[in-house]
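Okay, structure first, notes after.
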Amino acid sequence: MSRAKNPFSLSFGRIPPEYIVRSSVIDQVVETFTCEPVTIQNYMITGVRGSGKTVTMTAICERIKELDHWMVIKISPLDDILDTLLKTLKTAGGKAKESTITFGTSHLNISMKSTEQSVNAEIDGLLELFEKKKMSILVAIDEITDTPQMRKFSSALQMFITNNRPIYFIGTGLFEEIEKLKNVPNLTFLYRTPKITMEPLNIVAMAQTYQRIFDISDKQAGAMASMTKGYSYAFQVLGYLYWNEPGDFPTRSLLNKFDAQLADASYHRLWMDLSDMDRKVVMSIAGNEGGKTKDIALQAEMDGNKFNQYRRRLKDHGIIDVSQYGKISFALPRFKEFVEAYGAF
């Protein structure tokens, strides 16, 4: 088995050969963008690192690219976003300065001369021409953060949408980064932007995938899927490791490698992003995982109101699971073991 190409991946962002498609999320966004009348032109996808945000956004972009009258433009959040958008629109199929813009499609043939208008006005003018040719633009930005260029783009996007231009936006980002951007003055339209939170993958679908690839029993496939807690990156890591070390499950060797990979690629960064008080609460949860909320609050030496603030923060960050009334557990696989090992330092 190990001589063939491993169908799982340890890399973030790229669509691996084997992954669980979030069909409902993809269909929701594509149908919302493409069905008349248009009521929503932008979405934010959020979730903890490794939850599948980028893969899902990429799948949406691939679906949109296959449609007639659509153009997908992916832009790095580190770029001058508006300038990159303008240049991409101008050079999609030819140069724009005093010449015809020929976009790479049989559905569009637009001529435009360069002017001294502002970047925003130039983009708006181009989008107006796209609108006349019944073309739509999807802008995709992965891992957005609260930066000056992102603020400028958000403000301009609000203007383009107000002008009924055929521009759509989808972005991914961590919960705290999206919240920072939403709280910027004069960007109140972001509060109305639908936010899709990456939920855990379907355990049954994961088990079926493991069973199909590894030809193992229902019981073992279920045990493997359950160990991931539906965490997308853990699904890839466990599959990758088991591909190289098939047989009994779980072995100490596999568990050690599983823990190390999750720690190095995800959990260390997650831990560093927490505040001191967040960490105190997390360590209290680790000491009584699955226990009653009031007991964990007592261990953290917090009253109910203060504890609930951190409980809410950790839930929004995708770290804890509070679906069981009155109890708290970790939403991430073997995060308790990570906290117990790393939190002591």
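Over the stretch 203-342, accessible surface divided per residue gives 49 Å², non-protein components excluded, 1.4 Å probe.
Note on S275/N164: beta-carbon distance plugged into 1/(1 + (r/R0)^6) with R0 of 25 Å gives a FRET efficiency of 0.05. Relative to the Cα centre, the charge distribution of the stretch 240-311, modelled as +1 at Lys and Arg Cβ and -1 at Asp and Glu Cβ, gives a dipole magnitude of about 160 debye.
Under the simplified labelling scheme, the D215-A4 pair shows an inter-label distance of 0.9 nm, with each label point 7 Å from Cα along Cα→Cβ. Judged by the mean number of other Cβ atoms found within 10 Å, the most tightly packed of the peptides 320-327, 223-230, 140-147 leads the ranking 223-230, 140-147, 320-327. By definition, a body whose alpha carbon gyration tensor gives a ≥ b ≥ c is prolate when a/c is 1.5 or more and a/b is larger than b/c, and the stretch 145-210 fits this prolate description. Carbon-plus-sulfur accessible fraction, the chain (probe radius 1.4 Å, protein heavy atoms only): 48%.
Taking Cα centre as origin and charging only the Cβ of basic (Lys, Arg, +1) and acidic (Asp, Glu, -1) residues, the dipole magnitude of the stretch 110-235 rounds to 300 debye.
Taking amide H as placed 1.01 Å from N in the peptide plane, the amide H of V48 sits under 5 Å from none that are at least 5 places away or on another chain.
Could you calculate the FRET efficiency of K132 with Q324 from 1/(1 + (r/R0)^6), where r is the beta carbon distance between them and R0 is 45 Å, rounded to 0.05? E between K132 and Q324, to the nearest 0.05, is 0.25. With contributions of -39500 (n - 2.57) from each DSSP H run of at least four residues, the per-residue ellipticity at 222 nm computed over the chain stands at -14000 deg cm²/dmol. Under the simplified labelling scheme, the L255-Q309 pair shows an inter-label distance of 3.8 nm, with each label point 7 Å from Cα along Cα→Cβ. In this structure the amide hydrogen of G13, modeled in the peptide plane, comes within under 5 Å of the amide hydrogens of V55, none closer than 5 places in sequence on its chain.
Under the convention that each Lys and Arg Cβ holds +1 and each Asp and Glu Cβ holds -1, the size of the dipole of the chain around its Cα centre is about 100 debye. Computed over the chain, the P(r) curve from all C-alpha pair distances, binned at 10 Å from the origin, holds 5, 22, 27, 22, 15, 7, 2, 0 percent per bin. Using +1 at the Cβ of each Lys and Arg and -1 at the Cβ of each Asp and Glu in the stretch 135-258, identify which of A207, M135, Y233 lies farthest towards the dipole's positive end. Ranked along the dipole, the leading option is M135.
For a straight C-alpha distance cut-off of 20 angstrom, the aspartates and glutamates reachable from K280 (same-chain residues fewer than eight places away being disregarded) are E176, E289, D295, E301, D303, D316, D321, E337, E340. In the chain, a dipole from Cβ-located charges (positive for Lys and Arg, negative for Asp and Glu) runs towards its positive end, and of N6, I320, L85 it is L85 whose Cα lies farthest in that direction. The distance between label points at M283 and I15 comes to 4.4 nm (points 7 Å beyond Cα on the Cα→Cβ vector). 3J(HN,Hα) along the stretch 196-209, derived from phi through the Karplus expression 6.51 cos²θ - 1.76 cosθ + 1.60 where θ = phi - 60°, amounts to 9, 9, 5, 8, x, 5, 5, 4, 5, 5, 5, 4, 5, 5 Hz, with x in place of Gly and Pro. Once backbone amide H atoms are built at 1.01 Å from N, V139 has I73, Y168, F169, I170 as its partners under 5 Å, excluding neighbours fewer than 5 places away on the same chain. Its residue count N sets the reference 2.2 N^0.38 Å, and the alpha-carbon radius of gyration of the stretch 118-236 equals 1.54 times that reference.
For the pair I203 and T32 in one chain, pulling the backbone fully straight at 0.36 nm per residue adds 58.8 nm over the alpha carbon distance.
The values are calculated or read from the model by the stated rules, or taken from the named source; none is laboratory data. The structure displayed is predicted, hence computed values, not measured ones. Cβ sites come from the backbone with ideal geometry, for glycine too, and all protein chains shown count toward neighbours. SASA here: full protein model, heavy atoms, side chains in, ligands and nucleic acids out. Shrake-Rupley method; radii C 1.70, N 1.55, O 1.52, S 1.80 Å.
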